[in-house]
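Undergrad: Sharing a structure here in structure tokens format.
The values are calculated or read from the model by the stated rules, or taken from the named source; none is laboratory data. Predicted model, so just to flag it, every value in this text is computed and none were measured. Virtual Cβ from ideal backbone geometry, glycine too; neighbours counted across all protein chains shown.
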Amino acid sequence: MSLPRTPSFRLDGRRALVTGASSGIGRACAVALAEAGAAVTLAARRAAPLQDLQAEMQAEGMQADVLVLDMADQEALEKALADLPAFDVVVNSAGMARHGPALETRPEDFDAVIDLNFRAAYFLAALAAGRLTAEGKPGSIINISSQMGHVGGIDRAVYSASKHAIEGMTKSMAIEWGPKGIRINSICPTFIRTPLTEKTFENPERRKWIEEKIKLGRVGEVEDIMGAVVYLASDASSLVTGTALLVDGGWTAD
């Protein structure tokens, strides 16, 4: 009897779309997918950092193009994707946070966080799956969620709500799209050093809280997410859908 062979983690010949690619986790995901062989479309609102990233990637032989897009603008999103072939891999990484006590939440802050973190991710996933279905192709959709999609956190009622919503939509979409060969999963990081978390790490009390909760004794780096996104994008995870991959250093183990 022949030996079993590990499924490939390579993504050669596949097209990937990464939102929020201008910085932080999205930037790292884009590089990881391109290193694995994918042709990556870098999407975000700011053109300059996308173009800088594209140039850096191309200088190392990676395939990358740029799509300047506000993910919260539904009309612009639909227009931008209308004439493009289906993406084999989509990473929903665009996100934001406006932390504060729940009693002090302003409607405009609530709307901004929910519109980008949840609404935009929902409709991009639906658009991506619709295109894959129309072309009769399988695919992998990956939502960058958070450990806060599984627990609560200090001053994080709105952010946590948006990520709990991502977890619910991921499970439901997996049920609906599984028969089509379209997989959808989430990656749930702990606190990762990015421009988005910089202010949190500058607060001594918050930093102490974080370090006490992470069982491995260190905060996350963007490199900690790169292997996870390649795994979920590749054939190595071909039987994985509707699940959350927690990259949280043991935060949620309690």
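Undergrad: Residues that are at pLDDT below 95, assigned to a helix (DSSP H, G or I) and over 22 Å from the mean Cα position of the chain (by Cα): does segment 177-184 have at least one?
TA: Pass one, segment 177-184, residues at pLDDT below 95: none.
So far as segment 177-184 goes, no, none of its residues is at pLDDT below 95, assigned to a helix (DSSP H, G or I) and over 22 Å from the mean Cα position of the chain (by Cα).
Undergrad: What tally of residues in segment 82-105 results from selecting those that are more than 13 Å from Leu124 (Cα to Cα), in a helix (DSSP H, G or I) and either at pLDDT below 95 or not charged (D, E, K, R) (or both)?
TA: 2
Undergrad: When you go through Gly26, Gly13, Gly37 one by one, which is the residue that is surrounded by 14 or more Cβ atoms within 10 Å (Cβ to Cβ), assigned to a loop (DSSP other than H, G, I, E, B), touching a strand residue (DSSP E or B) at 6+ places or on another chain (Cβ under 9 Å) and not hydrophobic (A, V, I, L, M, F, W, C)?
TA: Gly37
Undergrad: Could I ask something else about it? Sort out which residues of segment 137-146 are of a type outside the set (Gly, Ala, Ser) and crowded, with 24+ Cβ neighbours inside 10 Å, and write them in order of number.
TA: Ile141, Ile142, Asn143, Ile144
Undergrad: Which residue pairs have Cβ atoms closer than 6 Å, lie 6 or more positions apart in sequence or on different chains, and pair a first residue in segment 62-81 that is part of a strand (DSSP E or B) with a second residue that is among the β-branched types (Val, Ile, Thr)?
TA: Ala64/Val40; Asp65/Thr41; Leu67/Thr41
Undergrad: What's the total number of residues in segment 161-193 that are farther than 17 Å from Val229 by Cα, among the polar types (S, T, N, Q) and buried (at least 21 other Cβ atoms within 10 Å of the Cβ)?
TA: Looking only at that region, the number is 1.
Undergrad: Also: Determine, yes or no, whether Leu245 is part of a loop (DSSP other than H, G, I, E, B) and either touching a residue at least 12 places away in the same chain (Cβ under 8 Å) or within 27 Å of Leu127 (Cβ to Cβ) (or both).
TA: no
Undergrad: If you check Ser186 against the conditions, is it within 27 Å of Ala86 (Cβ to Cβ) and in contact with a helix residue (DSSP H, G or I) (Cβ under 6 Å, 6 or more places away or on another chain)?
TA: Yes.
Undergrad: Tell me, yes or no, whether segment 110-119 has at least one residue that is crowded, with 19+ Cβ neighbours inside 10 Å and in a loop (DSSP other than H, G, I, E, B).
TA: No: segment 110-119 contains no residue that is crowded, with 19+ Cβ neighbours inside 10 Å and in a loop (DSSP other than H, G, I, E, B).
Undergrad: Further question on the same structure: Among Lys208, Lys215, which is free of Cβ contacts under 8 Å to residues at least 60 places away in the same chain and either in a helix (DSSP H, G or I) or not charged (D, E, K, R) (or both)?
TA: Step by step, each of Lys208, Lys215 is checked, and only Lys208 is free of Cβ contacts under 8 Å to residues at least 60 places away in the same chain and either in a helix (DSSP H, G or I) or not charged (D, E, K, R) (or both).
Undergrad: Going by the structure shown, is Ala128 touching a Phe, Trp or Tyr at 6+ places or on another chain (Cβ under 7 Å), in contact (Cβ under 8 Å) with a residue 40 or more places away in the chain, of a type in the set (Gly, Ala, Ser) and more than 29 Å from Glu198 (Cβ to Cβ)?
TA: For Ala128, the condition - touching a Phe, Trp or Tyr at 6+ places or on another chain (Cβ under 7 Å), in contact (Cβ under 8 Å) with a residue 40 or more places away in the chain, of a type in the set (Gly, Ala, Ser) and more than 29 Å from Glu198 (Cβ to Cβ) - is met.
Undergrad: So, one more: Which condition from (1) farther than 30 Å from Ala126 by Cα; (2) assigned to a loop (DSSP other than H, G, I, E, B) is the one that Thr194 breaks?
TA: (1)
Undergrad: Are any of the residues in segment 129-138 among the aliphatic types (A, V, I, L, M) and under 19 Å from Val18 (Cα atoms)?
TA: Yes, segment 129-138 contains at least one residue that is among the aliphatic types (A, V, I, L, M) and under 19 Å from Val18 (Cα atoms).
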